[in-house]
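Chemist: One structure, as structure tokens, below. Some questions next.
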Amino acid sequence: MRSLGTLVFGFILILVVGGGIFLFLGGSEQGVIETAVGTIVIEFFPGDAPNHVKNWKKLARMGFYDGTTFHRTVPGFMIQGGDPNSMDDDPYNDGAGGPGWNVDAEFNDRKHLRGIVSMARGLSINSAGSQFFICLDDLPWLDRQYTIFGEVVKGMGTVDAIIRRPRDPNNPERPLRPIPMTRVYVRTVYRLPLIGEFSF
């Protein structure tokens, strides 16, 4: 006798038909930042900041972030990176670069808690481009001032390792040897009951 069953788990639909198993996969995307001191994995919030999520993914897929550094590290506050200027030998232009376009603010009701990923910007609220920061602590005064678009779900130990690096005595917000993002990419993650999480 032929059997028919379905199991829905998140974005994954499993069909069992006549002894055969067919998977229809539609997992969620994550951002991955590889560094010499470890890997950081970001879960996105497309429902809260769709254009910022789209922009970050676009830059990652372009290879834009590869080789850029976490050029600003402030204990108790955040680490900031994503500036193409950070790849040259001039530390004084770090923080001024971008991709050549801006993304309008998408302030939302998310809170700047430890592990939150938010976009850096200039004086204009609509000046976000490529630079982003990861909160080291709860920072409520940043809420609805900067666009939150994701959260670190794996790798806060790596973030902490970056902040512990020695800083420039002439500029306490700059690491003495900034940590580069060796590879930044987007991966799709699937979660199955009894099997767990896997990605391609």
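The values are calculated or read from the model by the stated rules, or taken from the named source; none is laboratory data. A quick note: this is a predicted structure, and the numbers were derived from the prediction, not measured. Neighbour counts run over all protein chains shown; Cβ positions are idealised from the backbone, glycine included.
Chemist: List the number of the failed condition for Tyr190; all other conditions in (1) part of a strand (DSSP E or B); (2) surrounded by fewer than 20 Cβ atoms within 10 Å (Cβ to Cβ); (3) of a type in the set (Ser, Thr, Tyr); (4) at pLDDT 95 or above hold.
Modeler: All conditions pass for Tyr190, except number (4).
Chemist: Return the residue satisfying two criteria in turn: it lies in region 20-39 and is under 24 Å from Asp109 (Cβ atoms) and at pLDDT 95 or above, and of such residues it is farthest from the chain's Cα centre (by Cα).
Modeler: Quick first cut of region 20-39, residues under 24 Å from Asp109 (Cβ atoms) only: 28-31.
Still in the running and at pLDDT 95 or above: 30-31.
On the way: Gln30: 8, Gly31: 5 Å.
Step by step, filter region 20-39, then rank; the result is Gln30.
Chemist: Follow-up question, since we're still on this one. Please determine whether any residue of region 64-77 is among the hydrophobic types (A, V, I, L, M, F, W, C), crowded, with 19+ Cβ neighbours inside 10 Å and in contact with a Gly (Cβ under 7 Å, 6 or more places away or on another chain). Steps first, please.
Modeler: Step one: of region 64-77, the residues among the hydrophobic types (A, V, I, L, M, F, W, C) are 64, 70, 74, 77.
Now narrow it down to the ones that are crowded, with 19+ Cβ neighbours inside 10 Å: 70.
This time we only want the ones that are in contact with a Gly (Cβ under 7 Å, 6 or more places away or on another chain), so: 70.
Yes, region 64-77 contains a residue that is among the hydrophobic types (A, V, I, L, M, F, W, C), crowded, with 19+ Cβ neighbours inside 10 Å and in contact with a Gly (Cβ under 7 Å, 6 or more places away or on another chain).
Chemist: Continuing with this model, one more query. From the set of residues in region 139-169 that are among the acidic types (Asp, Glu) and surrounded by fewer than 19 Cβ atoms within 10 Å (Cβ to Cβ), which is farthest from the chain's Cα centre (by Cα)? Give the derivation first.
Modeler: Within region 139-169, the first condition is being among the acidic types (Asp, Glu), and the residues that meet it are 143, 151, 160, 168.
Subsequent filtering for residues that are surrounded by fewer than 19 Cβ atoms within 10 Å (Cβ to Cβ) retains 143, 160, 168.
Numbers: Asp143: 18, Asp160: 15, Asp168: 26 Å.
Result: Asp168.
Chemist: Please go through region 85-127 and give me each residue that is among the acidic types (Asp, Glu) and over 17 Å from Trp141 (Cα atoms), ordered by number. Outline the logic, then answer.
Modeler: Initial filter on region 85-127 (among the acidic types (Asp, Glu)): 88-90, 94, 104, 106, 109.
Listed by number, the residues that qualify are Asp88, Asp89, Asp90, Asp94, Asp104.
Chemist: If you take the residues in region 105-120 that are more than 19 Å from Glu43 (Cβ to Cβ) and buried (at least 20 other Cβ atoms within 10 Å of the Cβ), which one is farthest from the chain's Cα centre (by Cα)?
Modeler: Once the filter is applied, the top-ranked residue is Ala105.
Chemist: Now a separate question. Among the numbered criteria (1) assigned to a loop (DSSP other than H, G, I, E, B); (2) out of contact with any Pro (no Cβ under 7 Å at 6 or more places or on another chain); (3) modelled with pLDDT of 95 or more, which one does Asn55 miss?
Modeler: The number of the failed condition is (1).
Chemist: Inspect all residues belonging to region 85-93 and state whether any of them is surrounded by 16 or more Cβ atoms within 10 Å (Cβ to Cβ), in a loop (DSSP other than H, G, I, E, B) and in contact (Cβ under 8 Å) with a residue 24 or more places away in the chain.
Modeler: No, every residue in region 85-93 fails to be surrounded by 16 or more Cβ atoms within 10 Å (Cβ to Cβ), in a loop (DSSP other than H, G, I, E, B) and in contact (Cβ under 8 Å) with a residue 24 or more places away in the chain.
Chemist: Loosely packed, with under 14 Cβ neighbours inside 10 Å, outside any helix (DSSP H, G or I) and out of contact with any Lys or Arg (no Cβ under 8 Å at 6 or more places or on another chain): which single residue out of Pro172, Pro178, Pro99 fits that description?
Modeler: Details: Pro178 fails: loosely packed, with under 14 Cβ neighbours inside 10 Å; Pro99 fails: loosely packed, with under 14 Cβ neighbours inside 10 Å.
Answer to the check: Pro172.
Chemist: Continuing with the same structure: Test Asp138 against the criterion of being out of contact with any Phe, Trp or Tyr (no Cβ under 9 Å at 6 or more places or on another chain), modelled with pLDDT under 95, assigned to a loop (DSSP other than H, G, I, E, B) and not basic (Lys, Arg), and give yes or no. First the steps, then the outcome.
Modeler: On the way: out of contact with any Phe, Trp or Tyr (no Cβ under 9 Å at 6 or more places or on another chain): yes; modelled with pLDDT under 95: no; assigned to a loop (DSSP other than H, G, I, E, B): yes; not basic (Lys, Arg): yes.
Judged against the criteria, Asp138 is not a match.
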